[in-house]
1. I'd like the full set of residues that are over 15 Å from Leu449 (Cβ atoms), at pLDDT below 80 and in a helix (DSSP H, G or I), limited to the stretch 480-490.
2. Residues in the stretch 156-175: is at least one under 17 Å from Ala104 (Cα atoms), within 19 Å of the chain's Cα centre (by Cα) and open to solvent by 10 Å² or more (accessible area, probe 1.4 Å)?
3. Any chance you could count how many residues in the stretch 406-420 are open to solvent by 30 Å² or more (accessible area, probe 1.4 Å) and not aliphatic (A, V, I, L, M)?
4. Looking at the stretch 445-465, which of its residues are open to solvent by 20 Å² or more (accessible area, probe 1.4 Å) and more than 15 Å from Gly365 (Cα to Cα)?
5. If you take the residues in the stretch 191-245 that are part of a helix (DSSP H, G or I) and more than 19 Å from Leu101 (Cβ to Cβ), which one is least open to solvent (accessible area, probe 1.4 Å)?
6. Determine whether Val261 is open to solvent by less than 20 Å² (accessible area, probe 1.4 Å), at pLDDT 80 or above and over 25 Å from Pro501 (Cα atoms).
7. State yes or no: is Ala199 touching a helix residue (DSSP H, G or I) at 6+ places or on another chain (Cβ under 9 Å) and at pLDDT 85 or above?
8. Looking only at residues that are aliphatic (A, V, I, L, M) and crowded, with 19+ Cβ neighbours inside 10 Å in the stretch 517-527, which one is farthest from Gly458 (Cα to Cα)?
Amino acid sequence: MTAAGYSAARGGSRQLAGTGVLLRLALRRDRLMIPLWVYLVALTVITMPKTLKGIYATPAERADVLTTMSANSSLRALYGPALDDSLGGLTVWRVGAWTALFAAAMSLLIVVRHTRDEEESGRQEMVSAAMVGRRAPLTSALLAAFVANATVAVLITVGMTVTAGEGVAGALALGLATGGVGMVFASLAAIVAQFTESARLARGLSAGLLGVAFVLRAAGDAGSVDGSSVLTWLSPIGWLENTRAYAGERWWVLLLFGVAVLAQGALAYVLAGRRDIGMSFVPSRPGPANGRLGSAGALAWRLQRGSVIGWSLAFLASGAALGGVTNGATDLVGDNADTRDIIERMGGQSGITDAFLAAMVGMLGMVAALYVVQSVLRMYGEETSQRAEPVLSGAVGRLRWAAGHLTIAFAGAVLILLCGGLGLAAGYGHEIGPILGASLVQLPAVWALGAVAVLLYGFAPQAAVGGGWGVAGAALLIGWIGPALKLPQAVMDLSPFGHLPKLPGGDMAWGPVLVLCGIAVVLVGAGLAGLRRRDLST
């Protein structure tokens, strides 16, 4: 090796110095979040063959559902094309696009947390003052995302090989494609993090790009029965479909994931090397000369308004998409008693259309709980980044400061559920009053899960992130797969959503609603009492 080559190699190694230590730190910090996400993604896939086998027991029934789904453009937009009538092929149709969406969301959250979040809090500058290379933080963040996605790929491959019983090839293709989608959005989030000084904005922009990818896939699949639309090919989620797991695997499509990850990763490294730590290529605009934030509530709204608006628009669009396929619910069910039973377990016993609407409203409610937890935990982010202390050092008390953020969290849930209900009613075409009422009935359960996060933040802030997301994720998991697995009612009742009346179509029961509201009030009060007594940042 020449002297110049040796010097270049040494310089490259110095750029990556400390990567292993930062990777271990990232995995330790995410020791609850990553396993929860991995478990959600993998379990959603590997439990589906058993469920489908119970619903469509014979090859003739599976062939019939393949024909029916292929002819319904609304259901193709929601789930993707059905390309094969095997258990594995129907699993890819039923959950492939959605698990890819979850893997992508997991990945972008990991990368933004360990890049832009660290810079915004000032921790990255302190770490970089030690023996840590320039590219080590970005590398460790991408490696943490790789570990998560590789685990997802392995679990899906092994699990589908066992549960579908149709060979390794289809399971491997599905596992690699799911992990590939996750890594594409991990590297995309690494690029987005270079253009904004705010971790909140980086997450929002990355999530927006993920939403665009999902919409492109849905639009393409609505117009094509085999995923061949140009719009589908423009979306990484569409690449998963075109890998054709269990339907004559196209292994070459996996190269698209590799090329995209390498190209985006290289661009992220170039951008990261050309800016100062804490800075961005699109710096924040300076504020007005005279401050316009006259209260703690105004500050909380300024910090969280982007999130509220983004979630509201997402719920409006999602509700419209779900409402559009409601009229196809009869096609989805057909004469299959098991499918009808699953939908009725989710949405009640009042006819398939009302049961389907109630099930979709329930899903919107469970997702809304994720917004509330995120919004409540914004207080923890403000505290650990040392931005809360200057605010509290003035005339603003802790309860007044917390009240601003909690108002945004709990009132924001009302807004996004109303937007979801409006979208659902618009997509369905009628019954706007009953659907809006059903949406608002989800609020007590949503508030109860948010109140758990408040309680943890008040007494054990270091456990608030893992505990808050863990409880909300468990409720989502029970509601998502519980009806399909026919879990006992005692298990379903572990989620607050299991106690809500099934609307529209069912009877209104005020008892559980009032009890959940009372529980939320008590937990929030206890959490605020704990916040008032403890030291900050402890």
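1. Ile481, Gly482, Pro483, Ala484, Leu485, Gln489
2. Checked the stretch 156-175: no residue is under 17 Å from Ala104 (Cα atoms), within 19 Å of the chain's Cα centre (by Cα) and open to solvent by 10 Å² or more (accessible area, probe 1.4 Å).
3. Residues in the stretch 406-420 being open to solvent by 30 Å² or more (accessible area, probe 1.4 Å) and not aliphatic (A, V, I, L, M): 2 in total.
4. If the condition is that a residue be open to solvent by 20 Å² or more (accessible area, probe 1.4 Å) and more than 15 Å from Gly365 (Cα to Cα), then Val452, Leu455, Leu456, Phe459, Ala460, Gln462, Ala463, Val465 are the ones that fit.
5. So, considering only residues that are part of a helix (DSSP H, G or I) and more than 19 Å from Leu101 (Cβ to Cβ), the one least open to solvent (accessible area, probe 1.4 Å) is Ala199.
6. So Val261 does not fit the description; no.
7. no
8. Residue satisfying both the conditions and the ranking: Ala520.
The values are calculated or read from the model by the stated rules, or taken from the named source; none is laboratory data. Everything numeric here is computed off the predicted structure, so don't read it as measured data. Neighbour counts run over all protein chains shown; Cβ positions are idealised from the backbone, glycine included. For accessibility, only protein heavy atoms count, side chains too; no ligands or nucleic acids. Shrake-Rupley method; radii C 1.70, N 1.55, O 1.52, S 1.80 Å.
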